[in-house]
């Protein structure tokens, strides 16, 4: 990891990084849009080396996956599902329908209505990312989404890993398709003979999937465009270098473009963490990935004050922000931009990824400045209502008519006036 001083920070430390654009993404989307299942099968064979006849995973295969997974794995998944569901229900309880009398005889309100059809995308890389299935499906289910389907590439013996299928069943996902990549996003957005069109697509993916989601946004809703995962840790001299190093490596092992930053006022801690990272890296099973990520994006910034550390965090707006400091409240009150905040050394980011109930689908690449992570609210539409009783029109009608006339919208003005003449 590279150690620098605060005044050596370059602009790209907190700049939005433009995603790499791949020309073929739009071509694939258009082919799937035009040729449906045929194009999906073609790209699945080309990119995944799998010839798929039936794009949908059969019910018997899903049932068999649930029956045959290790009991301990099923128990662990059950615990994660319970905690994610509890947190999602608590979030849902914070927002309600209402109607109130804003002025006499004029009633304004809101209703919360779930999206009807959601497509969950789950990557199919080296390991079965069952947590991604759970984190995306459970909030949608709690929100009241009627139809939830899953797409994932057939990277395990020509199909989807059994634990992923089991997670889909436990999360109440109605249909599963062994289709991944850009072709899956296109199929979910436009529909094919086998795959139904959805209203919203959520879930992580590589740069091709991210670009595909960007291309189809508008036709469907999306959660957000997620880039490489990232962690920023603020630590003082009381922090434990072994724990910090472990958290840095936990983030770095995701991807060679993962970002890991430590910000500290202690040069001694900076040196200890750097040494500890190198020490732990030797025994890390995912060393091949983590080592490249840290060489590219591993940075330790030595600051002169807590305010400088807070400034870096707020400007970077990291996906995961950890506080390993003696008095976290002195920092947390001034920290405004992050996907999720982990307070104290016991609150490891990996707990947020898996078992705490928090959702791990979070904004990256400084996007926490303007958006939040995946939650129940992602799947709810806030719809407003207006009801005007006798007498209420006399209160708000003249105002509406006057502003319409000022703006030169004669039809608006006459629409209001017509009600005054006839009601």
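Each value in this text was obtained by applying a stated rule to the coordinates, not by laboratory testing. What you see is a predicted model, and the numbers here were worked out from it, not measured in a lab. Here the Cβ positions follow ideal geometry from the backbone for every residue, glycine too, while neighbour counts run over all protein chains shown.
Could you check which residue among 378, 163, 96 shows the biggest mean-square fluctuation in a GNM of the chain with a 10 Å Cα cutoff? Result for the chain, Cα springs under 10 Å: 96 fluctuates most.
Mean sequence separation of contacting Cα pairs (under 8 Å, at least six apart), scaled by the length of the chain, corresponds to a relative contact order of 21 percent. Considering only 287, 33, 72, the Gaussian network model of the chain with Cα springs below 10 Å gives its largest mean-square fluctuation to 72. Taken over the alpha carbons of region 303-423 as equal point scatterers, the Debye sum produces base-10 log I(q)/I(0) values at 0.11, 0.14, 0.22, 0.23 Å⁻¹ of -0.61, -0.68, -1.26, -1.31. A P(r) calculated from all alpha carbon pairs of region 1-99, with 5 Å bins opening at zero, reads 2, 8, 8, 8, 8, 8, 12, 19, 15, 7, 4, 1, 0 percent.
Share of Cα-Cα pairs in region 36-222 beyond 26 Å, in percent? In whole percent, the share of Cα-Cα pairs in region 36-222 beyond 26 Å is 34. Average projection, convex hull of the Cα set of region 96-140: 4.5 square nanometres. Taken over region 378-423, the convex hull of the Cα atoms encloses 109 Å³ per residue. Computed over the chain, the quotient of the alpha carbon radius of gyration and 2.2 N^0.38 Å is 1.14.
What percent antiparallel are the DSSP beta bridges of the chain, to the nearest 5? If we restrict to bridges inside the chain, about 30 percent are antiparallel. The value of relative contact order for region 36-222, using C-alpha pairs under 8 Å at least six residues apart, is 26 percent.
Within region 36-222, antiparallel bridges make up roughly 35 percent of the DSSP beta bridges whose residues both belong there. Here region 106-195 has an Rg and Dmax of 14.9, 62 Å, counting Cα atoms alone. Summarising the label geometry, the points placed 7 Å from Cα in the beta-carbon direction at residue 240 and residue 217 lie 4.0 nm from one another. Entry note, the chain: the mean residue ellipticity at 222 nm calculated from DSSP H runs of n ≥ 4, each adding -39500 (n - 2.57), is -13500 deg cm²/dmol after division by the residues and rounding to the nearest 500. Model label points for residue 283 and residue 147, set 7 angstrom from Cα along the Cα-to-Cβ axis, are 5.1 nm apart. Projected onto its three principal axes, the C-alpha set of region 253-299 covers 29, 20, 12 Å, listed from the longest axis down. Between 38, 319, 389, the GNM of the chain built on Cα springs shorter than 10 angstrom shows 389 fluctuating the most. Here the calculated FRET efficiency for residue 73 and residue 107, from their Cβ-Cβ distance with R0 = 51 Å, stands at 0.45, rounded to the nearest 0.05.
Relative to its Kirkwood radius, the Cα radius of gyration of region 276-362 gives an Rg/Rh of 0.98. The convex hull of the Cα atoms of region 126-267, projected and averaged over all directions, covers 10.8 nm². Counting 0.36 nm for each residue step from residue 94 to residue 8 and taking away their Cα separation leaves a gain of 26.6 nm.
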